[in-house]
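Here's the structure we're looking at; comments come further down.
What follows draws every value from the coordinates through simple rules; no lab data is involved. Note that the structure is a prediction, hence the values are computed from the model and not measured. So basically every Cβ, Gly included, is an ideal-geometry build from the backbone, and we count neighbours across all protein chains shown.
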Amino acid sequence: MPVGLFRVCLLVITAIVNHPLLFPRENGTVPENTEEIIQKMKEREESLRLEQLRLEQEIADQEATLKALEKAAAVVEESKEEKVRWDMWTALSMVIFLLIELWRQDFQEGNWQDIGGEEDDMAVLGKVFKGVAFPDKAVLSSFYEKRILGTTGDMARMREMVEGFADDLLEALRSVCNRDADMEVEDCMGVGSMYENWRVRKPFVCDLIVPFAPPEPYCFRCQTWCSGDSFPPDEQGYGTIKVCRADEDATGCICDKTKLGEDMLCLLHSQVNSTRPSSEMEDLLCFKNTQYLDADQVMKWFQIAVTKAWSRISHKYEFDLSFSLLDSPGALKIKFKSGKSIAFNLTPVVQYENSDVYFISHFPRSSLAADTPSSTHWFLTFAVYERRFIQLVSKTLPANACHVSCLQILSFLHGKQCSLTGSSGLTNYHLKTVLLHLLQACPSQDWAPEKLEARLQDMLKFLEKCLHEKKLYHFFVGNGKVPAELSFPIIFQRAEPLNLFRPFVLHRDIYRKTVDTFHEMLRNMSALINEYTVHIPLAHTNGIRKESL
């Protein structure tokens, strides 16, 4: 704008200075063509005026454009500041929320096993126990002797018979398999309640696992949810099994990832070994177009192999063998001519490295458990270590300790209640997990036989607490206090605790049904026990009634 004004002033001054009337010539005479000069001056003045108007309009337009640009810049800057302030508050709110959530989880998970020092807290729990007539020591002892103790001998005879037949069946299975192409089957192992001596409800079912390995030159490389790679929450407790050649690096040779030239050859693998046709991997029971072992393919192969093996040895036995359950591929049933039958599960598994943790191809599912993520995801079972832990702890307990009796009574009560009101989200495995936690937390002398009533109440109160919090942690995963004698893999001890009750958070209807069944079991506990108890003297009965009143 100052430049434009300066130009206008300069034009005016120049016009004044050159005006003929202001500076006349020396002779002072007026030229004859005065009229013509005046006309030209007027024209010149008019042109200057128009030029001045044009310049002023141009200056005004420039000022308006400048103001518009400044206003737009101010609006943009203001919007940026508002966005920055909003992003800052959003980020700050998220950080505060995450810190609170992490603190809450750390606080709860950091004390997940400190049960022994919380006896006072456990006494405060169990609000449902108020008004419940809990059976006394005499009633519990009579119930245990009549209803449960007599089944121990039956379990021992059944285990011996099933194990002998399973060994014979697996030996025949090895003979019908192609040793160069089929999986190599090892000896079976017994796990679960039948081999931990706490199974109470009939029919008795033996659970046998059968480790298997791939034929040479292949091997299994296993990866679990706690190996380092991130697994979704619904895949915790699972892992994958990759079928590789034994001479391969764990991450695979570069010749598998890079296209080599025609004149280049991998020094580690020949051209024949480096190519894996899809049919070859499918023969190794892998999922289509992958190297990952498929649980469904394994079960199909195992069922066919068992059928062939039975056809070879069936003439030696006077009973029939069949697959009993469609939803349990490893469930077998021996049926005698007399009509009696024996059921057992024979399930193929894959050993995790050099430990006694196994990937199991099929795991009995409850209504609480979610569906398997995919057939290439295998569930991990710690059943062998659970059996060893119970055996190890039992050596330190008093004679005729009541730990197994507590689990048997609780398992019987829960099973009986479920038969009356329908199944719930609780399983016998949850009940055993409660016992394992208490075995680690309570002193050895607390499991004396005369303390059966107190320990049974502790198990019920602890289970009620877990149901209330929807948290029951796996005994081994994330437990840094596992006895060193078990040689338990350190990777699972350092893993995050695995909440067995996590599905309760997602399935509120099952959770409500489970809680209602548990409370109903507590209210019916005396009636359920008295139904299977021999006659108790009247003094005991009157004492129980007075206590309940």
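Odds and ends about this structure:
- Orientation-averaged projection of the range 392-486 equals 6.7 nm² [convex hull of Cα atoms, one quarter of hull surface area].
- Evaluated over the range 282-422, the Cα radius of gyration and Dmax, each in Å: 19.2, 57
- Computed lengthening from residue 322 to residue 374, 0.36 nm per intervening residue step minus Cα-Cα distance: 16.0 nm
- Annotation: peptides 458-465, 167-174, 308-315, ranked by per-residue average of other Cβ atoms within 10 Å with the highest first, follow the order 458-465, 167-174, 308-315.
- Placing dummy labels 7 Å off each Cα toward the beta-carbon, the span from residue 54 to residue 519 is 9.5 nm.
- Under 15 Å from the residue 88 label point (7 Å along Cα→beta-carbon), backbone N, the range 56-80: 78-80
- Averaged over residues, the count of other Cβ atoms within 10 Å places the peptides 330-343, 55-68 in the sequence 330-343, 55-68, highest first.
- Assigned charges on the beta-carbon of Lys, Arg, Asp, Glu; the range 401-472 dipole about Cα centre (debye): 220
- Filter on 137/416; 242/300; 242/470; 202/471 - keep pairs with C-alpha separation over 24 Å: 242/470; 202/471
- Full extension of the chain between residue 448 and residue 418 gives 7.8 nm of extra length, using 0.36 nm per residue less the Cα-Cα distance.
- In this simple spin-label approximation, residue 235 and residue 46 carry label points 7 Å from Cα along the Cα→Cβ vector, and these lie 8.9 nm apart.
- Inter-probe distance in nm under a simple model that places probes 7 Å from Cα toward Cβ, at residue 486 and residue 505: 2.5
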